[in-house]
1. Any idea which of Ser76, Ser67 is modelled with pLDDT under 70 and hydroxyl-bearing (Ser, Thr, Tyr)?
2. Mind listing whichever residues of the range 1-57 are hydroxyl-bearing (Ser, Thr, Tyr) and over 37 Å from the mean Cα position of the chain (by Cα)?
3. Looking at this structure, is Ala2 surrounded by 10 or more Cβ atoms within 10 Å (Cβ to Cβ) and out of contact with any Lys or Arg (no Cβ under 7 Å at 6 or more places or on another chain)?
Amino acid sequence: MASIQMRTLSDNILHDTARDIREQADAVDNAFERRIREMEDCKAKLMENLRKVSTCFTLYVSLYLFSVSSLFRQPSADNEVTTRLRLRAQNP
């Protein structure tokens, strides 16, 4: 009789242990999947922010280059004075 009780007790312990291990494995899987979703969401947000920053940076660089190039296209005050002096010198 004692051996039957011992066998039943050991079977119950093994079943409880197996159930606990399965529950723990399921909890780890769920936490891991949740973390993967969080990381994917974070990556998507970072990529969107990078796109916005890149767009703004490109716009600022384009405006800067346009303003710099427009400075070279406009005659400066020195060039205008030099041209007027040259024209005045040519006229009697």
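The values are calculated or read from the model by the stated rules, or taken from the named source; none is laboratory data. Because the structure is predicted, anything quoted here is derived from the model rather than measured. Here Cβ is always computed from backbone atoms with ideal geometry, including for glycine, and neighbour counts include all displayed protein chains.
1. Values: Ser67 fails: modelled with pLDDT under 70.
From the options Ser76, Ser67, the qualifying one is Ser76.
2. Within the range 1-57, the subset hydroxyl-bearing (Ser, Thr, Tyr) is 3, 8, 10, 17, 54-55.
Across the range 1-57, the qualifying residues are Ser3, Thr8, Ser10, Thr17.
3. Numbers: surrounded by 10 or more Cβ atoms within 10 Å (Cβ to Cβ): no; out of contact with any Lys or Arg (no Cβ under 7 Å at 6 or more places or on another chain): yes.
No, not satisfied.
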